[in-house]
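Read the structure below first, then the notes.
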């Protein structure tokens, strides 16, 4: 799928078909993360690819905002090693992974920020490494729409030359 | 350009041709940012589209790590309104914009984090709004390569099932 088309149509999906994702597709998603640019090329991210149904069920039970991880055929946990740019850099990598997946028909949703610490022991994540997000991936359980999104109007978020001057 | 191909080949470019970027392309880049998903759909970003040569020169003079902004035909400043997810969300939007641009042959480079406060008055950014990054965009001044990147090997950043267990 063309890049802007992927950006325009991607939707957050929380229910997935019971269909495995081919290894090549998973590999491409992980590569999308690995190849992402980061501040001073710090690459402060670590990706944990989870496909074991038992582990996915445990993550779904522990991640407060993401019980649907339990039903996904794949989740990638994104951990960050110490860097003042870790959240920014890893967020870029997650964005790359979600777009690469969507481009192959694989949907996802960002589960993050709240209550993920409980999931760290399940994945063997050291205490000095942060767990930023767990992103479940899968083919959408129901047909997805055309990417209609609720967003602020262009003129409210985009300005021309100076803050507050609407960009048309 | 196909999404993964854009992710795989995108390079940071700091020297741009003296060629304007068509309005439609700029519009698509801004839309790529606006349409990006954010935590709880907070959309804590504001984009300032700068094309005035005088302003671009001022920004280049002020942004310590980005003097090359002065020679770009376009820069987008990314400001964030208060949100605990602002850095993460806006980083995702920037990633979308850079990929959408690259897919249309437009290169960019993230200028950020250090010493941007001095640029805020130039853009009329209120004191309670943060300036996260200024991203100059332009057609590369010299032919770009095939996207060879210096990145950690896959097995060092990607793990299977548990942290530290290399993903192949």
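Bear in mind these aren't lab numbers, they're just calculated from the coordinates by the rules spelled out. The structure presented is a predicted model; accordingly, all values stated were derived computationally and were not measured. Counting neighbours? That spans all protein chains shown, and the Cβs are built from the backbone with ideal geometry, glycine included.
Per-structure values
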quantity	calculated
Shortest-first nm distances, residue A:149 label point to equivalent points in other copies (7 Å, Cα→Cβ)	2.1
Distances in nm from residue A:19 to the matching label points in the other copies, shortest first (labels 7 Å along Cα to Cβ)	4.0
Full-extension gain in nm, residue B:114 to residue B:127, via 0.36 nm per residue minus C-alpha separation	3.0 nm
Prolate/oblate/rounded label for the stretch A:68-128 (Cα gyration tensor, a/c 1.5)	oblate
Whole-Å distance, taken between Cα centres, linking the stretch B:99-151 and the stretch B:1-74	5 Å
Dimensions (Å) - the stretch A:3-157, Cα atoms, principal axes, largest first	41, 38, 30
Averaged over B:76-84, number of beta-carbon atoms from partner chains that fall within 10 Å	1
Helix A:23-34 axis, angle to chain A major axis (alpha carbon atoms, nearest 10°)	60 degrees
Between helix B:86-103 and chain B: long-axis angle, C-alpha atoms, 0 to 90°, nearest 10	90 degrees
Approximate shape of the protein assembly as shown as ellipsoid semi-axes (Cα gyration tensor, √5λ), whole Å, largest first	33, 19, 19
Hypothetical label at residue B:57: residues of the stretch B:68-95 whose amide nitrogen lies under 17 Å (7 Å Cα-Cβ projection)	B:68-75
Per-residue average of Cβ from other chains inside 10 Å of A:20-30	2
Angle between chain A longest axis and helix A:53-62 axis [Cα atoms, degrees, rounded to 10]	60 degrees
Virtual spin-label span in nm between residue A:162 and residue A:84, 7 Å along Cα→Cβ	3.2 nm
Global form of the stretch B:5-60, assessed from the alpha-carbon gyration tensor, a/c cut-off 1.5	oblate
Mean Cα-pair separation over length for chain A, i.e. relative contact order, pairs under 8 Å, 6 or more apart, %	30 percent
Estimated FRET transfer efficiency (residue B:141, residue B:23; beta-carbon r; R0 22 Å; 0.05)	0.50
Inter-copy spacing of residue A:2 label points, which lie 7 Å from Cα along Cα→Cβ, given in nm from shortest upward	1.5
